[in-house]
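Novice: Could you have a look at this structure, given as structure tokens, before my questions?
The values are calculated or read from the model by the stated rules, or taken from the named source; none is laboratory data. Predicted, not measured: the structure shown is a model, and the values here were computed from it. Don't worry about glycine lacking a Cβ; one is built from the backbone with ideal geometry, like all the others, and counts go over all protein chains shown. Remember, those area values only see protein heavy atoms, side chains included, never the ligands or the DNA or RNA. Shrake-Rupley method; radii C 1.70, N 1.55, O 1.52, S 1.80 Å.
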Amino acid sequence: MILKDKVIQAFREKYGADPVYLTRSPGRVNIIGEHTDYNDGFVLPMAINFATWIALRPRPDDRVILTALDKNEKLDFGLTGFSKGKGSWREYVKGVAWSLQEEGFELKGWEGVLSGDVPIGAGLSSSAALELALARAFALVSDLAWNPVQMALTCQKVENSWVGVNSGIMDQIISASGKKNYALMIDCRSLKTKQVPLPEKTRFVILDTATRRGLLDSAYNERREQCEAAACHFGVKTLRDITQGQLEERAGILDLVIYRRAQHVISENQRVLDAVKALDQGDAAALGLLMNESHTSMRDDFEISRDEMDQMVAIAQGQPGCYGARMTGGGFGGCAVALVAEDQVEIFKDRVMQEYRAKTGLDPKIYVSSATDGTGFEVLSNME
Ligand code: GLA
């Protein structure tokens, strides 16, 4: 059963009535531009055909009651005086309520059911999908104006200040603002976006290595601090303000690890700009090469890959019809993304599956993605 029907049916079973609203927000795959967002740089993600769905109706009081169907767990809290708990999906719900209230919005209560198919912890932004689907639900019942970038910022604050991950703005903006059939170039300084066409007769194939990272336990925050240390060395706000030439002038003076972190970010920003040019010209081969270079940079300079991931990327890159492949997302596990000629996708999947299993003993998952619209909603019935 598709998720939309699943949440509607579950809502009916639970409440004996039709839901009033349905909200949906997608996960994302980042095509190129990794760990550049919090350096005020450029990213090029697309929203994917995996999403979080919520079926809901307003309540007359200030309670929020939500059942997570996939976990068979429930959350029930009042919109005044709730507090932080231990990490689970529930913290995102309370976090979104908190962050919207911090923005000065007056929230109303609602009840509903939630389900999603964005693989969790795989680097495909399941948490941003959840946050934006929740924000959409609050906005509907509380009659809030919906500005996608503003809501993305509000949801980023949930990660930064409620959940405790110092993540950038990419995931929330793409989940909120994705467009069907397009990738989105985001300038993470100005927060301006540009829709970029995807190359014809190709598919982005997502390769889940079956290795996991936790953003919290990973070295994500440490990488961010190293980038800040590099920017501080140059006396600038972020690495966006440093050129390759300026960096090279400090070779041998700057701490080697910090130098390599900066090298990744500066070169990755340029690769995003080059990737947008390649896509504007419909040049899949040029984009593929940039993706390969991006992986090397993440592996050697930013050091956020791992053995299984490098194996997966090498296996993908070695297949006929594959233009390029790289790790995607925060790092230390999760998914790679490969750009593959459409007519070779089936054989690509089979071979990558077999070779990866043989080399690592792990059971990968492979998804052929397509670019979808960002956060959306439907009105399903009038309130009685
Ligand atoms: C995670 C973060 C993003 C971004 C990526 C790395 O997905 O949430 O903000 O920093 O890692 O590119």
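Novice: Only one of Val149, Val141 is within 16 Å of the ligand (Cβ to nearest atom) and hydrophobic (A, V, I, L, M, F, W, C); which?
Specialist: Result of the check over Val149, Val141: Val149.
Novice: While we're on this one: Could you identify the single residue in Leu124, Leu130, Leu144 that is part of a loop (DSSP other than H, G, I, E, B), modelled with pLDDT of 95 or more and open to solvent by 10 Å² or more (accessible area, probe 1.4 Å)?
Specialist: Going through Leu124, Leu130, Leu144 in turn, the sole match is Leu144.
Novice: Is it true that Arg213 is closer than 30 Å to Lys349 by Cα, touching a helix residue (DSSP H, G or I) at 6+ places or on another chain (Cβ under 9 Å), part of a loop (DSSP other than H, G, I, E, B) and within 16 Å of the ligand (Cβ to nearest atom)?
Specialist: yes
Novice: Taking the options Gly109, Gly104, Gly85, Gly78, name whichever one is over 19 Å from the mean Cα position of the chain (by Cα), more than 16 Å from the ligand (Cβ to nearest atom) and open to solvent by less than 10 Å² (accessible area, probe 1.4 Å).
Specialist: Details: Gly104 fails: open to solvent by less than 10 Å² (accessible area, probe 1.4 Å); Gly85 fails: open to solvent by less than 10 Å² (accessible area, probe 1.4 Å); Gly78 fails: open to solvent by less than 10 Å² (accessible area, probe 1.4 Å).
None of the others qualify; the one that does is Gly109.
Novice: Additional query: Which one is farthest from Trp110 (Cα to Cα), of the residues in the range 19-31 that are in contact with a Pro (Cβ under 9 Å, 6 or more places away or on another chain) and more than 10 Å from the ligand (Cβ to nearest atom)?
Specialist: My answer is Ile31.
Novice: Let me ask something additional. Here are some conditions: (1) modelled with pLDDT under 95; (2) open to solvent by 30 Å² or more (accessible area, probe 1.4 Å). Tyr182 meets all but one. Which one does it not meet?
Specialist: (1)
Novice: With the range 35-90 as the region, which strands (runs of 3 or more DSSP E) entirely inside it contain at least 3 residues that are not hydrophobic (A, V, I, L, M, F, W, C)?
Specialist: 42-58, 73-78
Novice: Quick check on Val118: is it in contact (Cβ under 8 Å) with a residue 24 or more places away in the chain and in contact with a Pro (Cβ under 6 Å, 6 or more places away or on another chain)?
Specialist: no
Novice: From the list Arg240, Arg271, Arg250, exactly one residue is farther than 14 Å from Gly329 by Cα, out of contact with any Gly (no Cβ under 6 Å at 6 or more places or on another chain) and touching a residue at least 60 places away in the same chain (Cβ under 8 Å). Which is it?
Specialist: So the residue among Arg240, Arg271, Arg250 that is farther than 14 Å from Gly329 by Cα, out of contact with any Gly (no Cβ under 6 Å at 6 or more places or on another chain) and touching a residue at least 60 places away in the same chain (Cβ under 8 Å) is Arg271.
Novice: Name the strands (runs of 3 or more DSSP E) wholly inside the range 271-384 in which the number of residues that are buried (at least 24 other Cβ atoms within 10 Å of the Cβ) and within 16 Å of the ligand (Cβ to nearest atom) is 1 or more. Break it down into steps so the answer makes sense when it comes.
Specialist: Values: elements: 322-327, 335-341, 365-369, 376-379.
It comes to 322-327, 335-341.
Novice: Does Val149 qualify as being open to solvent by 10 Å² or more (accessible area, probe 1.4 Å), assigned to a helix (DSSP H, G or I) and touching a Pro at 6+ places or on another chain (Cβ under 7 Å)?
Specialist: On the way: open to solvent by 10 Å² or more (accessible area, probe 1.4 Å): yes; assigned to a helix (DSSP H, G or I): yes; touching a Pro at 6+ places or on another chain (Cβ under 7 Å): no.
No: the conditions fail for Val149.
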